[in-house]
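Only one structure is covered here, and it is reproduced in the block below.
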Amino acid sequence: MEQEVLHKRIKSLFRRHHLLSIATVSERGAWCASCFYAWDEENNALVITTDPVTRHGTEFRINSQVAGTIALETKRIGRIRGAQFTGTVSEPSGDDLRQAKNIYLKRFPYAALTEIHLWVISLSHIKLTDNRLGFGHKEIWNSK
């Protein structure tokens with residue numbers, strides 16, 4: 001499928017949702033967590049906040065490779081759509097931190113009332129599933 005068409009569908013999904021599941025792997029095994037996200041459309045990255053002392057926050061620093069999902073929760077099979085992704089998570093600093101904070105607080109303004117620790121997931125692979133286009137319809141995007 002043409003990259004531009006895929007990109008529009010991914011944009012639509014990432015704009016409409018706000019919760020992702022993210023998975024890490026370390027010597028302790030696999031771990032999943034749910035996080036609110038804001039999409040950095042310009043850099044095709046996801047901005048999340050979590051305390052570095054959480055298990056996933058600690059594991060981000062050990063192994064920056066992550067996987068995750070963003071999905072519409074529905075019982076209607078014909079409306080199921082979501083994305084699976086892989087990427088590299090990092091802690092932004094300087095101008096990157098200011099940009100990430102602006103993006104996150106624009107999406108979640110109430111977060112300005114608390115101390116937040118931001119992380120950026122640079123996406124490397126996305127598999128979009130959209131049953132509205134046919135049962136099990138899949139589209140793939142890769143960064144390179």
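The values are calculated or read from the model by the stated rules, or taken from the named source; none is laboratory data. Since we're looking at a predicted model, the values are computed, not measured. Quick reminder, even Gly has a Cβ in these numbers, built from the backbone with ideal geometry, and neighbours come from all protein chains shown.
A compact table of results
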{"read-out": "Residue in the range 7-14 that is assigned to a loop (DSSP other than H, G, I, E, B) and in contact (Cβ under 8 Å) with a residue 40 or more places away in the chain present", "value": "no"}
{"read-out": "Some residue of the range 122-132 being under 25 Å from residue 65 (Cα atoms), touching a helix residue (DSSP H, G or I) at 6+ places or on another chain (Cβ under 9 Å) and not hydrophobic (A, V, I, L, M, F, W, C)", "value": "no"}
{"read-out": "Those residues of the range 78-98 which are surrounded by fewer than 16 Cβ atoms within 10 Å (Cβ to Cβ), in a helix (DSSP H, G or I) and either within 14 Å of the chain's Cα centre (by Cα) or at pLDDT 95 or above (or both), in sequence order", "value": "94, 95, 97, 98"}
{"read-out": "Among the candidates 105, 118, 128, residue that is of a type outside the set (Phe, Trp, Tyr), closer than 18 Å to residue 16 by Cα and touching a residue at least 60 places away in the same chain (Cβ under 8 Å)", "value": "128"}
{"read-out": "Index of the failed condition, residue 30 passing every other in (1) out of contact with any His (no Cβ under 7 Å at 6 or more places or on another chain); (2) in a strand (DSSP E or B); (3) in contact (Cβ under 8 Å) with a residue 12 or more places away in the chain", "value": "(3)"}
{"read-out": "For residue 101: the one exception among (1) under 17 Å from the mean Cα position of the chain (by Cα); (2) farther than 30 Å from residue 144 by Cβ; (3) of a type outside the set (Gly, Ala, Ser)", "value": "(2)"}
